[in-house]
Amino acid sequence: MYRYDEFDATFVRQRVDQFRGQVERRVNGELSEEEFRPLRLMNGLYLQLHAYMLRVAVPYGTLNSAQMRKLAFIADTYDRGYGHFTTRQNIQYNWPRLPDVPDILEHLAEVEMHAIQTSGNCIRNVTADHWAGVAADEAEDPRPHAELMRQWSSLHPEFSFLPRKFKIAVTGASADRAAIRYHDIGLRLKKNGQGEVGFEVFAGGGMGRTPMLAPRVRDWLAKEDLLPYLEAIMRVYNLHGRRDNKYKARIKILVHALGAEEFTAQVEREYARIDAPHIEPEQQELKRIAAYFAPPDYDALPGDDPALALRLEKHEDFAGWVERNVSAHRAPGYGIVNISLKPIGGIPGDASSDQMRAVADLAETFSLDEIRISHEQNLVLPNVAKRDLFALWQSLGEHSLADANIGLASDIIACPGLDYCGLATARSIPIAQDISRRLGDPARQREIGDMKIKISGCINACGHHHAGHIGILGLEKRGEEYYQITLGGSGDERASVGEIIGPGFSAENLTDAVETIVDTYMGLRENGETFLEAYRRVGPDPFKEAVYATH
Amino acid sequence: MAKKITGTQALTGNRLSDGGVVFLASNGVWRAGLENARLAHSDEDIADLEAEGADAVEANRIVDPYLVRVEVRQGRLVPAAFREHMRTRGPSVNLDFNSRTNGQAASAA
Ligand code: SF4
């Protein structure tokens, strides 16, 4: 894992001191709210519906046990004993008091964490495939590049006041688990015919009120050219991005307005103008960073563990959990364990401080001290020996963390919605809870198979509803919540934007409508088709007919 | 153009210290709970609320105060707008995590 150098440590400490002074001046009246707002936002502090909310960055979703323990400590000491893991691989605290925030940031700095780049019109915390570095289908670990981008973007004066916020996602795998085409810039490391690794570059994607998939702007970019090329993209955006209209200011609108071809041509022209001499120091820095991400010392293990095979035979629940929650690891004899934060009827992405501590302990014992946060609001123990899976599963069960539902109908993404969020038009969490209870019977959801249900509480789409196989958007009409359903979205390597199926539903009727959609799929699927495959074959009509005939 | 203000109004804001939702009650005191709010029916009363709100901002106690329309429904005073209703009530989901009853929704709106 990356460790701060002296520069990083000093920078973060200085920011804490600076913010402490700013909070003091706000409390004693030297700063007005207008003056203070941009300062607090630069430190991840929002004012939400009922309280402040502090968003803490988890760069590329990677944490160690000490960091997770610190998050639990903060939840207990300064909040209400829990935190919310988000679709940006961050954690949010919902109840911090303003005078405590500098102390919280100081605690975070002790474990090399902060809340910088979690708000404002800057390049936000870079997100990554949550299996980065361990996935069996990966060309190369993308996290050293993500870290390089973090360093490059966090202090770059050109990028502190962009037309709008800017999100970059990166993967090194063939399967896209980071929804890269839904980002302002999406990067994928891949191998060419000569076995060299380089980037495929996508730009101009996004969710929000105008969902767009990023077109490919470069099929191949040498790794060492990454920052100059990104700089060229940012310059074109900075030059032409619409600062006059918030709703048109994202890069996706620019790419759409210019057309992918013209946008790419402009980027290439800008890129040709950029001097290359700064590449060398960047490569040295990349090497320094990459050393921190070198694969850990895995034990030399056989690919299959005989004791595991026996246990799988004997314990049906355990076998079900392994089937859904354990994924292929690149090292023989190891597995990637996905911990569901989606208990049936629970709040998606929320974890208690007890659970955080338990995960920290288990990561230390079983996962070489590493934890990941996924954009699907789950946790990952990336390095678990197969021989330890049974013991780990038992321990997870003691902390209500052994739900075997990864990728199933109850593994729902939901943003905080109107239970917390100041921008929301409707609630998301109770909707997720209701659907999860309705479809969450273990046998039933296994029978339904792969299913991504995603819920946002407003058009901003933090719940990624556009990328949901079943997407749900909460709106308000005449003082009542109502919900629009989209079908056929996907954030994977065959990304698509979901299509609205028709008029919305009241909160009372919504779960019935979702169940009708699921039942319709079950009735028409062929040869083990997943929901998404079936939808792509038959289109929306059978679902519309079923839903609007009965509701 | 200023929004036309109609109906009974209360003045709400968030406390600077913890962001908590409060309403202007009597004598410049801000309290949680709409039932404690001082209600304004006339333009004059509304102007008074706003003036006291500005004082509270000046005194660094309250952030961004604004008027909300309130009405009586089934004998209870409630905000007219759904968002304000949610804001006044607090989250509708059970937050008692460490009791492991995570997720049992509290009473619906
Ligand atoms: S989608 Fe809307 S309601 Fe949900 S967290 Fe984002 S801004 Fe808030």
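The values are calculated or read from the model by the stated rules, or taken from the named source; none is laboratory data. Given the structure is predicted, the values throughout are model-derived calculations rather than measurements. Ideal geometry is used to build each Cβ from the backbone, glycine not excepted, and the neighbour counts take in all protein chains shown. Just so you know, the surface numbers come from the protein's heavy atoms only, side chains and all, with ligands and any DNA or RNA stripped out. Shrake-Rupley method; radii C 1.70, N 1.55, O 1.52, S 1.80 Å.
Rounded to whole numbers, the Karplus 3J(HN,Hα) couplings from phi for the range A:30-40 are 5, 10, 7, 4, 4, 6, 7, 3, x, 6, 5 Hz, using 6.51 cos²θ - 1.76 cosθ + 1.60 with θ = phi - 60°, and x at Gly and Pro. Loop-resident GluC sites (Glu not before Pro) (DSSP state other than H, G, I, E or B) in the range A:10-69 with no more than 14 further Cβ atoms inside 10 Å of their Cβ: A:30. Modelled spin-label separation between residue A:323 and residue A:398, with each label point placed 7 Å from Cα along the Cα-to-Cβ direction: 2.8 nm.
Solvent-accessible surface of protein heavy atoms, probed at 1.4 angstrom with all chains present, puts A:524, A:226 in the order A:524, A:226, largest first. Each label was represented as a point 7 Å from its Cα along the Cα-to-Cβ direction; for residue A:545 and residue A:315 these points are 4.7 nm apart. Inter-part distance, the range B:67-84 to the range A:312-359, computed on C-alpha centroids, equals 44 Å.
Close amide H pairs (under 5 Å, H built 1.01 Å from N) link residue A:218 with A:201, residues at least 5 positions away or on another chain. Maximal additional length on extending the residue A:292-residue A:526 stretch stands at 79.5 nm, based on 0.36 nm per residue less the C-alpha distance. Interface A-B: total buried accessible area of about 2800 Å², 1.4 Å probe, protein heavy atoms only. Please work out the FRET efficiency for the pair residue A:175 and residue A:155, using the Cβ-Cβ distance as r and a Förster radius of 41 Å; give the result to the nearest 0.05. After rounding to 0.05, the efficiency reads 0.80. For residue B:71 and residue B:18, the FRET efficiency from 1/(1 + (r/R0)^6), where r spans their Cβ atoms and R0 equals 30 Å, is about 0.60. Each semi-axis of the equivalent ellipsoid for the protein assembly as shown is √(5λ) with λ an eigenvalue of the Cα gyration tensor; in descending order they amount to 39, 31, 26 Å. Let me test this: with uniform point scatterers at the alpha carbons of the range A:185-344, what is the Debye-based log₁₀ I(q)/I(0) at q = 0.10, 0.11 1/Å? With no solvent term, the Cα-only Debye profile gives -0.63, -0.72. In a DSSP loop and with at most 16 other Cβ atoms within 10 Å, the trypsin sites (Lys or Arg not before Pro) in the range A:1-47 are A:3. Between residue A:499 and residue B:32, the simple label model (points 7 Å from Cα in the Cβ direction) yields a spacing of 4.9 nm. Need the C-alpha centroid separation for the range A:85-155 versus the range A:427-449, integer Å. Answer, in whole Å: 30.
At a Cβ-Cβ separation cutoff of 4.7 angstrom, cysteine residues of chain A with no neighbouring cysteine are A:122, A:421, A:458.
Taking a label point 7 Å from the Cα of residue A:14 along the Cα→Cβ vector, which residues of the range A:133-162 have an amide N closer than 19 Å to it? Those under the cut-off are A:150-161.
Which residues among the range A:166-182 fall inside the zone where the amide N is under 14 Å from a point 7 Å beyond the Cα of residue A:137, along Cα→Cβ? The answer is A:171-180, whose backbone nitrogens lie closer than 14 Å to the label point.
Computed from backbone phi with θ = phi - 60° and the Karplus coefficients 6.51, -1.76 and 1.60, the 3J(HN,Hα) list for the range A:281-292 is x, 4, 5, 5, 5, 4, 4, 4, 5, 4, 4, 6 Hz; x is used for glycine and proline.
Looking at the range A:423-510, the trypsin sites (Lys or Arg not before Pro) that sit in a DSSP loop and have at most 16 other Cβ atoms within 10 Å of their own Cβ are A:478, A:494.
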